[in-house]
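Read the figures in this text as sums done on the coordinates, not as results from a lab. Since this is a predicted model, take the numbers as computed values, not measurements. Using ideal geometry, Cβ is built from the backbone for each residue, glycine included, and neighbour counts are taken over all protein chains shown.
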Amino acid sequence: MLVSAKEMLNKAKAGKYAVGQFNINNLEWTKAILQTAQECNSPVILGVSEGAGKYMCGYTTIVGMVNGMINELGITVPVALHLDHGSYEGAKKCIEAGFSSVMFDGSHYPIEENIAKTKELVAICDELGLSLEAEVGSIGGEEDGVVGAGECADPEECKMVADLGITMLAAGIGNIHGKYPANWAGLSFETLAAIQELTGTMPLVLHGGTGIPADMIKKAISLGVSKINVNTECQLAFQEATRAYIEAGKDKEGKGFDPRKLLAPGVEAIKATVKEKMELFGSVNKA
């Protein structure tokens, strides 16, 4: 059964650890992440971008797949199904489809419009018992066409949005999507500390978790980050393992092409990546 992310993130904030959000793109990725979460006894958030939602035949299909896996695999750890970087319309569609959590990314709107739209979604999510993530200050890089320059959020604007009653807040602190360039300046802990001071017990979200050094991850958690998003690292691990399998000629063994064998090395690579991140985030045995 899917749950809101609220309780797991409040526990993480109080316990000084973070829950991982791992984006899913197909059945194999979803299964790998759920099985690893169960093995690690860790709460987990399955992230779905709008692009991935279209690829997987729509949000209703995804809800059915995830609920089916939770039942068939005997998953007992808390699992939230979360829209990642959703539009206002996308958030409403996911709510209707049965997602237990949504993100409305209004960071590209003027702050007044971001607040107005977020406020409307707060009312809907509160009524249905769903968790809601909002964003202030865009995240750098590109994800499914959502482009951000990676600017740092205004702490005062963060407080304005947090005070609307959202569950969690994503605030730009110099983080970016995708691989970090060699000249990346690092996270702005000064900005993060100022946001934490003004938002209090609000769980904060760190997007772009791939490639951030472990010491920065741990410091961010100490300053209120309770949810960390990982996508690119899983993509790269899956890509490398699959390519190695094909280059070794193993996809040609047997009587014919077997997609289950082709995808198996990538699935194992994702499991290893997710486990490593859960250990780094401190969420192991926190279910």
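Restricting the first member to the stretch 267-284 and to residues that are at negative phi and in contact (Cβ under 8 Å) with a residue 40 or more places away in the chain, and the second to residues that are assigned to a helix (DSSP H, G or I) and among the basic types (Lys, Arg), the beta-carbon pairs closer than 8 Å and six or more apart or on different chains are VAL267/LYS31; LEU280/LYS218. The residues on offer are GLU279, GLU190, and the sole one that is under 21 Å from VAL161 (Cα atoms), surrounded by fewer than 20 Cβ atoms within 10 Å (Cβ to Cβ) and charged (D, E, K, R) is GLU190.
For MET216, the stated conditions do not hold, so it cannot be described as in contact with a strand residue (DSSP E or B) (Cβ under 8 Å, 6 or more places away or on another chain) and either in contact (Cβ under 8 Å) with a residue 40 or more places away in the chain or hydrophobic (A, V, I, L, M, F, W, C) (or both).
Return the total of residues in the stretch 49-77 being outside any helix (DSSP H, G or I) and touching a residue at least 40 places away in the same chain (Cβ under 8 Å).
Keep residues of the stretch 49-77 that are outside any helix (DSSP H, G or I), which gives 49, 56-58, 73-77.
Keeping just the survivors that are touching a residue at least 40 places away in the same chain (Cβ under 8 Å) gives 49, 73, 75-77.
Count: 5.
Taken over the stretch 13-49, the criterion of being farther than 22 Å from LYS271 by Cα and of a type in the set (A, V, I, L, M, F, W, C) is satisfied by ALA14 alone. For the stretch 189-196, does any single residue satisfy the condition of being assigned to a loop (DSSP other than H, G, I, E, B) and either touching a residue at least 60 places away in the same chain (Cβ under 8 Å) or within 18 Å of TYR17 (Cβ to Cβ) (or both)? No: zero hits.
From the list ILE115, ILE33, ILE45, the lone residue that is in a helix (DSSP H, G or I), in contact (Cβ under 8 Å) with a residue 40 or more places away in the chain and touching a Phe, Trp or Tyr at 6+ places or on another chain (Cβ under 8 Å) is ILE33. Only a single item in (1) assigned to a loop (DSSP other than H, G, I, E, B); (2) of a type outside the set (Ser, Thr, Tyr); (3) surrounded by 14 or more Cβ atoms within 10 Å (Cβ to Cβ) is not met by HIS108, and it is number (3). I want to confirm something. Restricting to the stretch 8-55 and keeping residues that are more than 16 Å from the chain's Cα centre (by Cα) and of a type in the set (Asp, Glu), which single residue is nearest to VAL284 (Cα to Cα)? Once the filter is applied, the top-ranked residue is GLU39.
Condition check for GLY211 on (1) in contact (Cβ under 8 Å) with a residue 60 or more places away in the chain; (2) surrounded by fewer than 20 Cβ atoms within 10 Å (Cβ to Cβ); (3) not in a helix (DSSP H, G or I): one failure, at (1).
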